[in-house]
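*Asks:* The structure under discussion is supplied below as structure tokens; questions concerning it will follow.
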Amino acid sequence: MHKNIATHILLPAFCFILLISCSSPVATPPPVLTETLLPTPTPLPTETPLPTNTPEPVPTLPPALARPQYVIDLRLNYSTNAASVTQTITYPNWTGETLNELVLAVQPNLWNGGFNIKSLSIDNQTVSNYTLDGQRLTISLPQSLPSSGTISIAMEYGLILPKMQAYSNPDEVRPQIYGYSDRQTNLVDWYPFVVPYQPGEGWILHNPWYYGEHLVYDLADFDVTITFTDGTTPQVAASGAEVESITANSRRFVLEAGRTFAFSISTVFKVATQKVGDVTVYSYFFAFYDAPSEAMLQTTVEALQVYGERFGPYPHKSLTAVQGDFNDGMEFSGFYFISRDYFNLYDGTPKNYLVIIAAHETAHQWWFDSVADDQALEPWLDEALCTYSERIYYENIHPDLVSWWWSYRYFEFDKEGFVDTPIYDGGGQRPYWDKVYLTGARFLEDLRTKVGDEIFFTFLKDFYTQYTGRRVTGADFFRVLREHTAADISDLMTKYFKKTY
């Protein structure tokens, strides 16, 4: 996620979207959020090799699937903001352990009456032994799932979408993207998904918080069909590329090797497109915002080219940028939002937050979607890298504005802190930002200065290559760095990090 800090140019009402709190003690979390924080994960385990021939017992063959498969049929009444969903998850157990239960994240259940399970089965056996507590769905398996086995979870459920709220104090209430407004319906983190499992430790499902992101995702494949049951024919912005649908009144989207699948739907969207090699970039926006939408589209195209050269190839066939009818911005797989108010502030030049944030959110396709991390416990691994990627974008596309970017982004920067601060220890929204985003970008600039451009960018490309499709920790970051340089960075570690890596 990206939120800006330029309060000097905004009306007070814009304080929410820019995520600036002058001083904001952390409020007591709502009682529904009860999940236990789990330790920082290590990289995903390697796949279990094919078994050798042994007499007894007969070994379980590894599953054919490299990652979970989600096949979802969404039937949405756009007029009433209600949906019925049929979903199948084919889950391969690459954890290296035998599993007796599965844990799924169900974000819509955080809204009262927002989620209702109608049926649940595993491998065609009806299951009633499950609990749904807040966002946590725990399913006891009818039979144990051995390491390298595969299971199929079929479920039907109903959704009642909430109205998106505008909050005056983002430190008291989490920003809301999921739901509907007068102009837009957003389905983000809207389906139950199996959360990652850390061998020896358990399932990774953290508490929601008032700033930052808390969910952690495994890589998965998605095949999602949406049908409008009320005869509405809106524009549909989606994470995946659209493919031919089975029925005439449905639309089908496919995303391979993504973390999440998001929709934004509106009857008043306009859309523009541009190609970057074999990638189609989409820009969805509301009427009278043609100029800022063109800037969002152009920045996304330019950033795709810069980051593809500097980090490695973009993994999907499409990238969708959407004007959000809310005071926030957020990244998803092959998809991101930019707040309507960044559009209102666009001045026709690259010296503004619309361009900055488009570059930032595009970078999340590398640092979040391809190379994932624990967003709650080590958010710097995507947010600091994406903030610094803004600088990389400007030095390549607008080199005369690099100094401006530093001064504009950091004009209020005041207090240093540790880069590796979890979202729960941020001490408030602004202090969290200072530590993770801004101090994180300064660390990367100091690191680049110390080791030199050639080593720095070779390291970033190698880090991306080694961990594409996987989840990383800070220890992984520094392990790859040390493969590329013997430079003494102990002073940087002492200054910027609380942990010893």
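*Asks:* Looking at segment 330-340, is at least one residue of a type in the set (Phe, Trp, Tyr), more than 22 Å from ASP182 (Cα to Cα) and surrounded by fewer than 22 Cβ atoms within 10 Å (Cβ to Cβ)? Can you show your working first?
*Replies:* From segment 330-340, those of a type in the set (Phe, Trp, Tyr) are 332, 335-337; that's our starting set.
Checking which are more than 22 Å from ASP182 (Cα to Cα) leaves us with 332.
Checking which are surrounded by fewer than 22 Cβ atoms within 10 Å (Cβ to Cβ) leaves us with none.
Scanning segment 330-340, I find no residue that is of a type in the set (Phe, Trp, Tyr), more than 22 Å from ASP182 (Cα to Cα) and surrounded by fewer than 22 Cβ atoms within 10 Å (Cβ to Cβ), so the answer is no.
*Asks:* Which residue pairs have Cβ atoms closer than 9 Å, lie 6 or more positions apart in sequence or on different chains, and pair a first residue in segment 113-140 that is under 17 Å from SER152 (Cβ atoms) with a second residue that is among the aromatic types (Phe, Trp, Tyr) and modelled with pLDDT of 95 or more?
*Replies:* Once the first residue is under 17 Å from SER152 (Cβ atoms) and sits in segment 113-140, its partners that are among the aromatic types (Phe, Trp, Tyr) and modelled with pLDDT of 95 or more give ILE117/TYR130; ILE117/TYR157; SER119/TYR157; LEU120/TYR130; LEU120/TYR157; LEU137/TYR130; ILE139/TYR130; SER140/TYR130.
*Asks:* A further question on this structure: Every residue in segment 257-292 that is surrounded by fewer than 17 Cβ atoms within 10 Å (Cβ to Cβ), over 22 Å from ARG183 (Cα atoms), in contact with a strand residue (DSSP E or B) (Cβ under 7 Å, 6 or more places away or on another chain) and not hydroxyl-bearing (Ser, Thr, Tyr), please.
*Replies:* Of everything in segment 257-292, just one residue is surrounded by fewer than 17 Cβ atoms within 10 Å (Cβ to Cβ), over 22 Å from ARG183 (Cα atoms), in contact with a strand residue (DSSP E or B) (Cβ under 7 Å, 6 or more places away or on another chain) and not hydroxyl-bearing (Ser, Thr, Tyr), namely GLN274.
*Asks:* I need the full set of residues from segment 479-494 which are free of Cβ contacts under 8 Å to residues at least 12 places away in the same chain, surrounded by 12 or more Cβ atoms within 10 Å (Cβ to Cβ) and either closer than 17 Å to LYS435 by Cβ or more than 30 Å from the chain's Cα centre (by Cα) (or both), in order please.
*Replies:* Residue satisfying the conditions is MET493 alone.
*Asks:* Then there's this: Would you kindly identify the strands (runs of 3 or more DSSP E) lying entirely within segment 99-164 that contain at least 1 residues that are in contact with a Gly (Cβ under 9 Å, 6 or more places away or on another chain)?
*Replies:* The strands (runs of 3 or more DSSP E) meeting that bar are 99-105, 115-122, 150-160.
*Asks:* A follow-up question, please. Among the residues of segment 238-248, is any modelled with pLDDT of 95 or more, over 23 Å from the mean Cα position of the chain (by Cα), closer than 25 Å to THR80 by Cβ and surrounded by fewer than 18 Cβ atoms within 10 Å (Cβ to Cβ)?
*Replies:* No: segment 238-248 contains no residue that is modelled with pLDDT of 95 or more, over 23 Å from the mean Cα position of the chain (by Cα), closer than 25 Å to THR80 by Cβ and surrounded by fewer than 18 Cβ atoms within 10 Å (Cβ to Cβ).
*Asks:* I've got another one for you. Give segment 372-385 a look and list any residue that's within 12 Å of the chain's Cα centre (by Cα) and assigned to a helix (DSSP H, G or I), or say none.
*Replies:* Within segment 372-385, ASP382, GLU383 qualify.
*Asks:* Return yes or no: is ALA83 small (Gly, Ala, Ser), more than 16 Å from TRP203 (Cβ to Cβ), out of contact with any Asp or Glu (no Cβ under 6 Å at 6 or more places or on another chain) and free of Cβ contacts under 8 Å to residues at least 60 places away in the same chain?
*Replies:* On the way: small (Gly, Ala, Ser): yes; more than 16 Å from TRP203 (Cβ to Cβ): yes; out of contact with any Asp or Glu (no Cβ under 6 Å at 6 or more places or on another chain): yes; free of Cβ contacts under 8 Å to residues at least 60 places away in the same chain: no.
No, not satisfied.
Yes/no matrix, rows are residues, columns are (1) of a type in the set (A, V, I, L, M); (2) touching a helix residue (DSSP H, G or I) at 6+ places or on another chain (Cβ under 7 Å); (3) without any contact (Cβ under 8 Å) to a residue 40 or more places away in the chain:
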{"residue": "ASN186", "(1), (2), (3)": "no, no, no"}
{"residue": "TYR191", "(1), (2), (3)": "no, no, no"}
{"residue": "VAL194", "(1), (2), (3)": "yes, no, no"}
{"residue": "PRO199", "(1), (2), (3)": "no, no, no"}
{"residue": "ASN207", "(1), (2), (3)": "no, no, no"}
{"residue": "GLY212", "(1), (2), (3)": "no, yes, no"}
{"residue": "THR225", "(1), (2), (3)": "no, no, no"}
{"residue": "PHE228", "(1), (2), (3)": "no, no, no"}
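Per-residue answers, yes or no, for (1) crowded, with 18+ Cβ neighbours inside 10 Å; (2) free of Cβ contacts under 8 Å to residues at least 40 places away in the same chain:
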| site | (1), (2) |
| --- | --- |
| TRP406 | no, yes |
| ARG409 | yes, no |
| THR421 | yes, no |
| GLY427 | no, no |
| ALA441 | yes, no |
| LEU444 | yes, no |
| LEU447 | yes, no |
| ASP453 | no, yes |
| TYR467 | yes, no |
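*Asks:* Continuing with this model, one more query. Can you tell me which residue is farthest from the chain's Cα centre (by Cα) among those in segment 443-478 that are among the basic types (Lys, Arg) and within 21 Å of VAL419 (Cα to Cα)?
*Replies:* LYS450
*Asks:* Going by what's in this entry, would GLN176 be described as within 24 Å of VAL224 (Cα to Cα), assigned to a loop (DSSP other than H, G, I, E, B) and out of contact with any Gly (no Cβ under 7 Å at 6 or more places or on another chain)?
*Replies:* On the way: within 24 Å of VAL224 (Cα to Cα): yes; assigned to a loop (DSSP other than H, G, I, E, B): yes; out of contact with any Gly (no Cβ under 7 Å at 6 or more places or on another chain): yes.
When the stated conditions are applied, GLN176 passes them.
*Asks:* Something else about it: Could you tell me whether PRO350 is free of Cβ contacts under 8 Å to residues at least 60 places away in the same chain and either closer than 21 Å to PRO208 by Cα or more than 15 Å from the chain's Cα centre (by Cα) (or both)?
*Replies:* Yes, satisfied.
*Asks:* A further question on this structure: Taking TYR342, is it of a type in the set (Phe, Trp, Tyr) and either over 23 Å from ASN186 (Cα atoms) or part of a strand (DSSP E or B) (or both)?
*Replies:* Numbers: of a type in the set (Phe, Trp, Tyr): yes; either over 23 Å from ASN186 (Cα atoms) or part of a strand (DSSP E or B) (or both): no.
No.
*Asks:* Another one. Among (1) in contact (Cβ under 8 Å) with a residue 40 or more places away in the chain; (2) farther than 24 Å from ARG259 by Cα; (3) among the acidic types (Asp, Glu); (4) buried (at least 18 other Cβ atoms within 10 Å of the Cβ), there is one condition ASP434 misses while meeting the rest; what is its number?
*Replies:* Going through the list (1) in contact (Cβ under 8 Å) with a residue 40 or more places away in the chain; (2) farther than 24 Å from ARG259 by Cα; (3) among the acidic types (Asp, Glu); (4) buried (at least 18 other Cβ atoms within 10 Å of the Cβ), ASP434 breaks only (1).
*Asks:* Would it be correct to say that ALA358 is modelled with pLDDT of 95 or more and not in a helix (DSSP H, G or I)?
*Replies:* In short, no.
The values are calculated or read from the model by the stated rules, or taken from the named source; none is laboratory data. Just so it is clear, the model here is predicted, and its values are computed rather than measured. Please note: Cβ atoms are built from the backbone with ideal geometry, for glycine as well, and neighbour counts cover all protein chains shown.
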